[in-house]
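For reference, the structure discussed in these notes is given below.
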Amino acid sequence: MEHNKRGLGATVFRLSWPASVEFLIITSIVFADILFLARLGSSVIAGVGVSVTIFRVFYEAFNSMAVASTTAVAQAFGARNQSLATRCAGHSLTLALVLGCLSGALGVAVAEPAMRLMGISGSVLEAGVTYMRINMLASPFYAVALAGGGILKGVGDTRTPMIFTLIASVFKIGLSAILIFGRWGLPPLGVAGAALATLIGYSLNALLMLIKLLQGFSGMRLEWSSLRLDMGLLKRLAVLAWPVAVERMIMRTGFVFYMRIVSALGTVALAANQIALRLESVSLTVGFGFTVAATTLVGQSVGRRDVAGAKARAYVTMRMALIAMGSMTFLLILLRHLAVGMFKPEADVRNLATICLTIGAFELPAFGILFTFAGALRGAGDTRSPMLVALFGTFLLRLPLVYLLGVNFGLGLKGIWYGTLIDWIGRATLMAIIFRRGAWKSKTFIEEAEVVDIEEMEA
């Protein structure tokens, strides 16, 4: 038994670390753009910052297909039903492409009015609209790349999506420098150059992903016949995907209200909050890797109707996530002064950011529990429970608590961070209870008749 746990631990690590690195790479793309565009002035940075906040909302529709594709393919793969797995893969790509096109078209159409609603104008508005419109044109390619990555993760391959993301991101960052400032005889394109490089980078990622899927993955190969529409299968995938999209929308909406409360506290609080959030977000990439591992392992176990195995894999992954995130808590507290100091803030901002980062460090173990069990539930086919937990946490815990502690009790930004700490602990506790109750066992994506009997295959 101990040997099996060690083997499972190695599998969890093999699945989680590439997913964590991939997420870190993805979050670095916009950061690289901001570093380059900072040379063009504060109005450009402001416009791009507002633009990112808006167009990421439009990305949530096809982001959800990455999760749905991982769950569907993992369960079909676990059920040894390669035909169904390839059809799930093909339909996930088709649905992601459609959602990407629709989301992109809508984003382009509403870019200017959406930016104006944020209260900006002049050169800030011009920069933001340009950046958003070109990024929204990249939506179909990004959607396909994400869904393709979800498919590969479903069969246990997290390294290939990481490698493709790394290749595309390095290419995009290099191209950004060329197009923004004008190199090799090309004219300087500024903001448009940064966004155009993103468009080409996502296109490259999508192309690499399609080539991989067409060439073959885990004994399967995507064929054009697998793209032939089956409305029943599309509906089943949509049932998996829509709660994920709603969950992400809830999270983003909650963050907007959260930032409104923070911004009302003044410039010092706003600056300190941004520094603490950026440093904490680096630590969170570790937790996202365990989310992917839990979704894949639980999905495959549920697909082969090994409920006990699914439960065991979820708990082993959760314990590893707890150890990893607990270690990150220790590191953040140990290095908090050095980490905050890298931003070279003024003394009052430095002190407040250090306090908030210390509070935030204690959120990390809760993140480990929350992310793992959320991933496990999605892998089992239960995407609604994480959505409901997000709804409960955002509107019944986070927003009331941050307002009560930060504003009513006069604790300021420290009170707001105490509120988020309580929120994350509450969500993690609720998610653990939901998983332990076991209602997810009856919400599998794969139907009984679709499970292939290994003895029949050998016969």
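If we count other beta carbons within 10 Å of each Cβ, what is the order of 370, 404, fewest first?
404, 370
Size of the dipole of the stretch 14-229 about the Cα centre, Lys and Arg at +1 and Asp and Glu at -1 on the beta carbon, nothing else charged, in debye to 20?
My answer is approximately 420 debye.
May I ask you to sort 342, 318, 251 by Cβ crowding, counting other Cβ atoms within 10 Å and putting the fewest first?
Lowest count first: 342, 251, 318.
Mind checking which lysines have their C-alpha under 18 Å from residue 153, skipping anything on the same chain fewer than 8 residues away?
The qualifying lysines are 212.
What are the semi-axes of the equivalent ellipsoid for the stretch 243-459, taken as the square roots of 5 times the Cα gyration tensor eigenvalues, largest first, in whole Å? Display every interim value, and only then the final one.
On the way: eigenvalues 293, 68, 30 Å².
Here the semi-axes work out to 38, 18, 12 Å.
Provide the FRET efficiency to the nearest 0.05 for the residue 319-residue 392 pair, computing r from the beta carbons and using R0 = 25 Å.
Plugging the Cβ-Cβ distance into 1/(1 + (r/R0)^6) gives 0.50.
So how much slack lies between residue 214 and residue 13, counting 0.36 nm per residue of separation and subtracting their Cα-Cα distance, in nm?
Values: separation 201, 0.36 × 201 = 72.36 nm, distance 2.76 nm.
So the chain would gain 69.6 nm between residue 214 and residue 13.
In terms of the Cα gyration tensor, with a ≥ b ≥ c the square roots of its eigenvalues, is the stretch 202-257 rounded because a/c is under 1.5, prolate because a/b exceeds b/c, or oblate?
oblate
What percent does the relative contact order of the stretch 243-459 come to when contacts are Cα pairs within less than 8 Å and at least six residues apart?
28 percent
Using the Cα centre of the stretch 304-446 as the reference point, and only Cβ charges (+1 on K/R, -1 on D/E), how large is the resulting charge dipole? Debye, rounded to the nearest 20.
720 debye
Which FRET efficiency value, to the nearest 0.05, is calculated for residue 348 and residue 449 with the Förster distance at 60 angstrom and r the Cβ-Cβ distance?
Using R0 = 60 Å, I get an efficiency of 0.40.
Assigning unit charges at the beta carbon (Lys, Arg +1; Asp, Glu -1) and nothing else, what dipole magnitude in debye, to the nearest 20, does the stretch 372-459 show about its Cα centre?
The calculated dipole for the stretch 372-459 is roughly 1020 debye.
Name the lysines eligible as straight-distance cross-link partners of residue 311: C-alpha to C-alpha under 16 Å, and not fewer than 8 places from it in the same chain.
Partners within reach: 5, 441, 443.
Residue 123 versus residue 260, label points 7 Å from Cα toward the beta carbon: distance in nm?
It is 3.1 nm.
Over the chain, calculate the relative contact order: mean separation of alpha carbon pairs under 8 Å at least 6 apart, over the residue count, as a percent.
Averaging sequence separation for qualifying contacts and normalising by length gives 21 percent for the chain.
Can you sort 165, 420, 296, 70 from fewest to most other Cβ atoms within 10 Å of each residue's own Cβ?
Numbers: 165 25, 420 22, 296 33, 70 28.
Ascending Cβ contact count within 10 Å gives the list 420, 165, 70, 296.
Once both labels are modelled 7 Å past Cα along the beta-carbon direction, what's the residue 433-residue 223 spacing in nm?
Modelled inter-label distance: 5.0 nm.
Compute the normalised compactness of the stretch 55-191: alpha-carbon radius of gyration over 2.2 N^0.38 Å, N being the residue count. Provide the component values of the computation, followed by the final result.
Details: Rg = 18.1 Å, N = 137, 2.2 N^0.38 = 14.3 Å.
Taking N as the residue count of the stretch 55-191, the ratio is 1.27.
Since every read-out is calculated from the coordinates, none of them should be taken as a lab result. The model shown is predicted, which means the values in this text are computed figures rather than measured ones. Note that we place each Cβ from the backbone using ideal geometry, even for glycine, and neighbour counts take in every protein chain shown.
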